[in-house]
Amino acid sequence: MVSSQLGPMSISWEQDYENRMNPGLVTSLLHEAVPVLKAIDWRITEVREGMCTTELPLSYASTNQHGTHQAALISLSADYTGGIALAALLRGVPVVGVHPCHEEESASLWLASMDVKYRIPSTGHVRGFCEIPEKLANKVRQRYFAGKRVLVTLPVVFTANGDVVAEAEMKYFAQPSIQLRPTEAQPQISPLYKHKLKSSARMIAGLRSSSQSERLRLDSGHERVAAGPHGELLANRLCRVLPQLQDMVLARTGHIDQTITAVEDLKQVVILGAGLDMRPFRLFAEGPKPTYFELDLPEMLEERTRVISQMKDRPDVRRRMVAADFKRDDIASLLLEHPDFDPELPTVIVYEGCSMYFSPAENRRILTSASQLLGHRDSRIWCDFVTRCVVDGTSQHPEVAKFLEGMDELGERFIFGCDQPSEVMDSCGFAKTQTTPSGEYLESDDSLLSEYQFAVAFGGRPTNPR
């Protein structure tokens, strides 16, 4: 795929058609992403720049007792017919949710509203057709490749046996995905980016809640509530691609729990990227009752508050939520300024499922900052790392590549891996590091599990006597 920053003339339409927009490829990708389209055998039959033709077959699955397509299916077809016509204008740009892609190079495209008029009942295969007028097409290209949001209304016409059966007006947004992230100049988060954050958190909760491992079990009632149907579906989908994923998540969950409960007289637990982690409630009955400091983006903390408020019979855990953007904020400053945090108390910091999404420099800054919070001799930080071959595509396991494609579709691109976590932790100011491959922790000889490692590092600063 070609970066959206390169503009529409960076490759030819013939190249774009072959690699990104030909009907067979896009139909296959959409069948995978939206299974209902596969169930009704909906397909794309022709694509040109700014034009798309589709077919909604007349079949048992798609009609009612009168041999007529149900209105909702025509509306569904209208959504993707117009959407593909619009996507075809953005030459070389992969679309989130359709093409495997990275945030930096992709387009986020979604339907804002629709108006469908149903003219007559359909009694044959329905042909959908959308063609964007040249003047409007040029305006769309100019705005998108200038980095501006596109808002455009497109006509979609449906015919069957030569008769018009429906006409639709479909209003779409399109925008470079990278622009959805909050910035200092525009801190307000977009609804799509907020949705991605919540989806990721629900997926991890779903992986925790549905594990069937014989060796490691946990009380997953809170995780099940946090995941909801959406999280369970996302978890099941990725586990079909990478069956080891669930054991990996359960292993890291168990390893973190053990790291926390092993600290005598533990007073504080800091969760970096708290998401929908239900650990404070799950561990309440075990050992000490520390104060939990839960750091995440404000929007994610808002969702966390909503989910927790719906849980019944939850224990009265001491929790402090701290809004933080790890790309901009210094976590040490945030916590050292918090009236309830004391760096000289026994503390465990949890940096779970984060390192692979930050650059080497960002990880070094975050971890170095975290080291300033561990003033007690028993304090420690837990981190997880994937190996470099997972990130650079040289892993010998084909299922890893397929899994990463699935993560890309969710907008969860891995960008950092390391083979020696202890070297990373040492460079960030920690005194010593203990590293455990996930396979070793699970007592498994699956070589893929060696590409995912846990690290526990201890603070390097001497304790200041109170």
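The values are calculated or read from the model by the stated rules, or taken from the named source; none is laboratory data. Because the structure is predicted, anything quoted here is derived from the model rather than measured. Backbone-built Cβ (ideal geometry, glycine too); neighbour counts: all protein chains shown.
Worth pointing out:
- Taken together, ARG365, ARG377 contain a single residue that is of a type in the set (Lys, Arg) and over 16 Å from VAL456 (Cα atoms), which is ARG365.
- Sole exception among (1) under 28 Å from the mean Cα position of the chain (by Cα); (2) buried (at least 18 other Cβ atoms within 10 Å of the Cβ) for PRO360, by number: (2)
- Subset of the stretch 225-243 (residues that are farther than 15 Å from GLU412 by Cβ and among the small types (Gly, Ala, Ser)): ALA226, ALA227, GLY228
- Residue in the stretch 47-65 that is crowded, with 18+ Cβ neighbours inside 10 Å and out of contact with any strand residue (DSSP E or B) (no Cβ under 9 Å at 6 or more places or on another chain) present: yes
- Complete set of residues in the stretch 157-180 that are free of Cβ contacts under 8 Å to residues at least 40 places away in the same chain and not in a strand (DSSP E or B): ASN161, GLY162, GLN179
- Residue among LEU272, LEU295, LEU250 that is more than 28 Å from ARG365 (Cβ to Cβ), under 21 Å from the mean Cα position of the chain (by Cα) and not basic (Lys, Arg): LEU250
- Of the helices (runs of 4 or more DSSP H) entirely within the stretch 1-116, those holding at least 2 residues that are closer than 26 Å to LYS135 by Cβ and touching a residue at least 60 places away in the same chain (Cβ under 8 Å) occupy 13-16, 71-87.
- Residue check for SER106: touching a helix residue (DSSP H, G or I) at 6+ places or on another chain (Cβ under 6 Å) and within 17 Å of TRP42 (Cβ to Cβ): no
- Number of positions in the stretch 194-222 that are at pLDDT below 75, within 22 Å of the chain's Cα centre (by Cα) and of a type in the set (A, V, I, L, M, F, W, C): 1
Here is a yes/no grid of residues against (1) outside the structural domain of ALA174 (by TED's automatic domain parsing); (2) among the hydrophobic types (A, V, I, L, M, F, W, C); (3) farther than 21 Å from LEU29 by Cα:
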{"site": "ALA88", "(1), (2), (3)": "no, yes, no"}
{"site": "HIS102", "(1), (2), (3)": "no, no, no"}
{"site": "GLY128", "(1), (2), (3)": "no, no, no"}
{"site": "PRO133", "(1), (2), (3)": "no, no, yes"}
{"site": "PRO155", "(1), (2), (3)": "no, no, yes"}
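- The stretch 413-432, subset under 29 Å from GLN268 (Cβ atoms) and assigned to a loop (DSSP other than H, G, I, E, B), residue modelled with the lowest pLDDT: ALA431
- Within the stretch 363-391, the residues that satisfy the criterion of being charged (D, E, K, R) and either closer than 30 Å to LEU448 by Cα or buried (at least 22 other Cβ atoms within 10 Å of the Cβ) (or both) are ARG364, ARG365, ARG380, ASP384, ARG388.
- Take the conditions (1) closer than 21 Å to VAL156 by Cβ; (2) of a type outside the set (Gly, Ala, Ser); (3) modelled with pLDDT under 90; LEU90 misses just one of them, which is (3).
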